[in-house]
1. Quick one: which of Leu306, Leu278 is at negative phi and surrounded by 19 or more Cβ atoms within 10 Å (Cβ to Cβ)?
2. Which of the residues belonging to segment 417-444 are surrounded by fewer than 19 Cβ atoms within 10 Å (Cβ to Cβ), over 30 Å from the mean Cα position of the chain (by Cα) and in contact (Cβ under 8 Å) with a residue 24 or more places away in the chain?
3. Is there a residue in segment 353-361 that is at pLDDT below 95 and either assigned to a strand (DSSP E or B) or surrounded by fewer than 21 Cβ atoms within 10 Å (Cβ to Cβ) (or both)?
4. Whether any residue in segment 559-580 is β-branched (Val, Ile, Thr) and outside the structural domain of Val304 (by TED's automatic domain parsing) is what I want to check.
5. With segment 1-85 as the region, which helices (runs of 4 or more DSSP H) entirely inside it contain at least 1 residues that are basic (Lys, Arg) and in the same structural domain as Asn114 (by TED's automatic domain parsing)?
6. Name the single residue, out of those in segment 445-462 being in contact (Cβ under 8 Å) with a residue 40 or more places away in the chain and surrounded by 14 or more Cβ atoms within 10 Å (Cβ to Cβ), that is nearest to the chain's Cα centre (by Cα).
7. If you go through segment 286-303 one residue at a time, how many are acidic (Asp, Glu) and on the phi > 0 side of the Ramachandran plot?
8. Return the total of residues in segment 199-236 being over 20 Å from Gly314 (Cβ atoms), among the hydrophobic types (A, V, I, L, M, F, W, C) and either loosely packed, with under 15 Cβ neighbours inside 10 Å or under 20 Å from the mean Cα position of the chain (by Cα) (or both).
Amino acid sequence: MSGGAGKAEPVLRLLREGRVDQAHAACLRLARANPNDAGLALLMSDLCAQRDEIAPAAHWANRAAEIAPRDPEVLARAGYAWYVAGESAKAETVLTRALTLVPMHARARATMANVLAEGRRFTAMLALAREGWALDPANAELGGLVAGALLNLGRASEAAGVLRDLGEAHPDNAGLAGGLAMVLNYVPEIDPAEVSAAHRRFGELLARSVPAGAFVHANTREPDRRLRVGLVSPDLRSHSVAWFVEPILRHHDAARLEMVVYQTNHEADAVTARLRPLADAWHVMDRATDAMLAQYVHADGVDVLLELSGLTHGHSLGAMRQRPAPVQMTYLGYPNTTGLRTIDWRLVDSQTDPPGAEALATERLLRLDPCFLCYQPPGEAPPPSVRSAGPVVFGSFNTAQKINDVVLAMWVKVLDAVPGSRLVLKSVNFEDGPLRDDVRARFVACGGDSARLDVLPPQKERGGHLAAYGGLDIALDPVPYAGTTTTCEALWMGVPVVTLAGQAHAGRVGASLLAAVGRGEWVAKDEAEYVRIAAGLAADAARRSHERTALREAMVRSPLCDGPGFAERFEHAVRSAWRDWCANHGPPGV
């Protein structure tokens, strides 16, 4: 790679002075005057990225790769730029060239693993990341990618083992601690206290790595005034979170609550377009750092800030750590505590978090009874279809991350209790053909008959996905991490759902949803009862036929789909938290 550091020195000096725009202009002149200088092209790419010009950044990185086609570092950086720009196919082409030149190039290998994950090729991702990590065991990024691949392949216990080892090697790494805490939600037969401790450990490490905010909250301390409520999420698009946020935005009392949305992901679609007009203000913050987001929220004068991600990908807990709003809450997008002391409240209900659950959370629990969720039914859903005669078909359309060997063994027992019955599994991750084969092999290892199992790839369109419920008689909820959207979808399509109430929130959401629609008899206390309930429904064709048409109406009439009623309960919860703050932070009217 050519390039002279001397040529670029004026640009670098401007950059050191914080004059990014001037540095960009100066570098552009140099790059045009030196069209065969790969170093200047890469510097242009970096400067464009700093200006949030993603497509130009990819263009200049690719230009550098054209100039230096056998320089693995240049190729790796070009691949990363294409990946950030959302051009996965172009990224893969360039990264393949880099890895051909230097198979163990860490940057190229890590980026390629992320490209494979985006394409849901998790088996290939695991092989790539594992090979690299074996040769570079100090590389925490590659180790984390191994864990991520294992989780997406339904091997949560193995993923947790990897993250425990990484945590021992990197004890101050908050990202690894958060990854372990998140993965433990999926691990069967684990003590909830251990899961809680992992979340608290993450919170402690985040507190060490992110400085406490120095914000002074001058919000007027009037208990009953109109409140400015902020929602922070990367998932306000075709994502499960959106189906439960919409009723809040659609039905909130604008005279009582001003809803301000902070969209932290650049992905936007038709769902985003539908939600945007429902908010009083909508800010796209996809390129903001946690510090920038916190500054923005504080400047907006938000009274109550809700984050909707927990420890999932793309979260903004670093911003919440800085407390940009006087009252902070976590809600909806994550089934556990955040571990952060700067988040005051967690919105749950008495089914998901019965008395005593307070011990598992760093936040105070605020219960939105009778159910902490409100579901926006899908407009594209077809009517429930009439099941034709034939063997009873059980099924689960939950994510592959939840399909562990414990739940597979339990489902084998269900099939054994209903001779001739079949099991259908469908997940977005089953785009990966080797994963489908692996799930089938694990099912057989748990004692199942492969001939009674179908493992299906996903439908691309939501309407087709919902229509696929017409092929099921009974939906089976996984353990220990129960379904949420999948349970609502099954019920909406007239399919009974059997769930096992677990020991903590992640395993109790199904119990909350079924209680809300008046079907608490489908909630099991243990595995034996789970099998009995499933077998009983299988034997009662008349009941299943009745539910095929009755369940949708039951949902419509239930608290689960009562948007106005839920919005009122939501406002009451937010208001009570605000009043608590006013009562404990000086006189009103400051």
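The values are calculated or read from the model by the stated rules, or taken from the named source; none is laboratory data. Note that the coordinates shown come from a computational prediction; the quantities given were computed from them, not determined experimentally. Heads up, the Cβs are rebuilt from the backbone with ideal geometry, glycines too, and the neighbour counts pull from every protein chain shown.
1. The unique qualifying residue is Leu306.
2. Result: Ala417, Gly420.
3. no
4. Filtering segment 559-580 down to residues β-branched (Val, Ile, Thr) leaves 574.
If we keep only those that are outside the structural domain of Val304 (by TED's automatic domain parsing) too, we end up with none.
Within segment 559-580 (the criterion being β-branched (Val, Ile, Thr) and outside the structural domain of Val304 (by TED's automatic domain parsing)), the answer is no, since none of the residues qualifies.
5. Values: elements: 5-16, 20-33, 38-50, 54-67, 72-84.
Helices (runs of 4 or more DSSP H) meeting the threshold: 5-16, 20-33, 54-67, 72-84.
6. Going through the qualifying residues, I end up with Arg462.
7. Residues of segment 286-303 acidic (Asp, Glu): 286, 290, 300, 303.
Okay, now just the ones that are also on the phi > 0 side of the Ramachandran plot, so none.
Of the residues in that region, 0 qualify.
8. Qualifying residue count, segment 199-236: 4.
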